[in-house]
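First comes the structure, then the notes that go with it.
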Amino acid sequence: MCRLGPVRVVVLCCLATLLMSPVGRAQQTPVLQALPGPTPGNAKIWQALAEKTEFEFDGHPLRVVVDWVKSRHEIEVQLDMRALEDAGLGSDTPVTRVLQDISLRSALRLTLGEYELTYVVRDGYLLITSKTEAENMLVSKVYPVGDLVATKSDFQTPSRSARRSDPYRTLMQTVSETIAPDTWDDVGGPGSIEAFRNGESLVISQTSEAHEEIAEFLAALRKTRDKQHAVAAAIARRPEKADDARPEMRVKVYRLAFGAPTAGRAGRGMMGGGMAPMGRGMGGGGMGMMNHQDLTADAPPDEPQANDEPANQAPADKAAAEVNDAAAKPQPSQPKPAPSSNPASAAPPMFDPKQVEAWADELAALLPELVEPESWQPRGNGVARAAAGTIIVRQTAEIHEEVAELLGKIVPFSIAPDPGADPARDAALPPLATPGPQANWPQEAEPRPAGAVADIEQALDQPVEFDFEEAPLRNVADKLKAQYGIDVQLDRRALEDAGMGSDTPITRQLKNVSLREALKLLLGEYDLTYVIRNEVLLITSKTEAENMLVTKIYPVFDLVVCSGDEGHERSPLNYGPLKSLLQSIVAPTTWGDVGGPGALEEFPIAGALVISQTTEVHEEIAQQLRALRAAATPPAR
């Protein structure tokens, strides 16, 4: 059993104060790399995959393509001949593909994918193999995710119901249902994902291509969380009108103190190591050591006096009974220790630290429900957080008195100074703002478009003028390339499966509509669509598009904060209505719960929705979220 020492407790309290401060919230989380990191040989391959390239192959043998990549990017590339033969291919398989100014990674995915091939990064070389064989070459990596499984998040309100969900399981489910969902062991695939809680990590075994997507996904989660933190903190720091000034806020650390007091040091709280007399269970008459140390006071903590009186031992009221039932069972009576000639050296009876932490969690959740509920976030400015067996509370002096009175009836505790506290800062510490839907909240989903993808997104918003009369589909693609300066590719295999080809005749006249709407109309007639994938606009069948889902992370914290009159007792955050709304009005037949390919998961620690869908559906989702915010924002006066 891992126990928290005094030094670690102090460090955790410092971290808790930092996280509750505007400065701590606004800081960007450093990028956490998967482990083990790349070897020198692998690093060279990964660097080459990110380099820009151009392909111009017209029926060239696959071995020629390989030789060109070797020469152009100065890396070793090998063919997995046995895997190619098993797939009915060989080094002489003809390859036709013209690509410009995209990464080698995207170029290989587009070119090899047409033949059900892929690449695997080995130690010092790139191996071209079949997708089937790649599943036998899984790579195991460890991803640090401590910041993504934190149970105390500004985007989560402590509540008993919220704590029943396992943050590791939530993260693992989100990854497995949105990143290569058909490749995990729970659905018969080769990949696996496990939590290593002692190391606050996920251990993932997957293909090289899937690991690239996972790393990008975790980075996008962190960006979504951080940018919402920054905006919320900025809103909280806006100057208020004089008549709306908040009461002075003070931070206190309530330490649950179970065990016998150390001789001569009782009542000194966390720093002094004092422990209050132990009661029976959570509410069985335990004493609260009411040595209240105000963190905003200039004077140091008062030394306990010999005539200090213990807190009132009033019977536990209904709230205390609720805590007793939910958080702790009565402890069996302990045998009396043997007499000692040195009473000060007698070891105090101790509770399991994990149990104490659980009680702290339970109490931190109960305080906003039982003590002046309107004074806590999001309706008020108060905050209660649990950390290392303590309850860290930011409230007015008046409400601190009520908190201390309630806790004194339930548990033994002491109030201790936070070693990292800044009285000047804590006295006016603003809360993380939860203002409700607003138009200036971050709206861009992550990962945000960049490079060629951003150019494509911009082109889709441009007006078009089409006049095609029996024009082959390849000519339509070439005209779009020339007119908009973007790369447009045909998914030849998908077209063949749909009974069409690059010579399928297209007839359509259009004017003064966006390229996005024009493509939907033009391609939809043939049951085709487009996807933005591997840095190109790819024209494919609607059936195949469902196998090319894109995962995006939407910041929605402002849309899931319940207003004060909704009467939510357990948590003011409610993702349910927003999820139901999107699934019912945006492509309702395409979601997983009705047999479609799409997935939608809430990820509260980042204040986000994680959505895996086609390119077209993502466009509709973004439009709907913008409309929701615009409708809720009062017009400018």
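The values are calculated or read from the model by the stated rules, or taken from the named source; none is laboratory data. None of the values given here were measured: they were computed from a predicted structure. Quick reminder, even Gly has a Cβ in these numbers, built from the backbone with ideal geometry, and neighbours come from all protein chains shown. For accessibility, only protein heavy atoms count, side chains too; no ligands or nucleic acids. Shrake-Rupley method; radii C 1.70, N 1.55, O 1.52, S 1.80 Å.
Largest accessible area first, the residues 205, 580 order themselves as 580, 205 under a 1.4 Å probe with ligands, DNA and RNA left out. Going by accessible surface with a 1.4 Å probe and the largest first, 254, 484 read 484, 254.
For the set 479, 252, the ranking by accessible area, highest first and with no ligand, DNA or RNA atoms included, is 479, 252 under a 1.4 Å probe.
Among 70/131; 131/223; 252/552, which pairs are too far apart, with a Cα-Cα distance over 29 Å? Let's see the in-between values first.
Values: 70/131 21 Å; 131/223 31 Å; 252/552 40 Å.
Cα-Cα > 29 Å for 131/223; 252/552; rest within.
For residue 129, neighbours were defined as the other residues whose beta-carbon sits under 12 Å from its Cβ, and their charges (Lys and Arg +1, Asp and Glu -1) total -4. Note on residue 626: accessible area approximately 120 square angstrom, rounded to 10, probe 1.4 Å, nucleic acids and ligands left out. Judged by the mean number of other Cβ atoms found within 10 Å, the most tightly packed of the peptides 465-472, 361-368, 93-100 leads the ranking 361-368, 93-100, 465-472. Counting heavy atoms of the protein chains alone, residue 60 has an accessible area of about 70 Å² for a 1.4 Å probe.
Using heavy atoms of the protein chains and a probe of 1.4 Å, the accessible area assigned to residue 141 is about 50 Å². Cα centroids of segment 82-115 and segment 583-637: 35 Å apart.
Summing charges over neighbours of residue 101, with a neighbour being any other residue whose Cβ is under 13 Å away from its Cβ, gives -4 when K and R count +1 and D and E count -1.
Considering only Cα-Cα distances, which of the following residue pairs are longer than 18 Å: 52/227; 520/542; 520/579; 481/542? Write out the running numbers ahead of the final one.
Working: 52/227 29 Å; 520/542 11 Å; 520/579 25 Å; 481/542 22 Å.
Over 18 Å Cα-Cα: 52/227; 520/579; 481/542.
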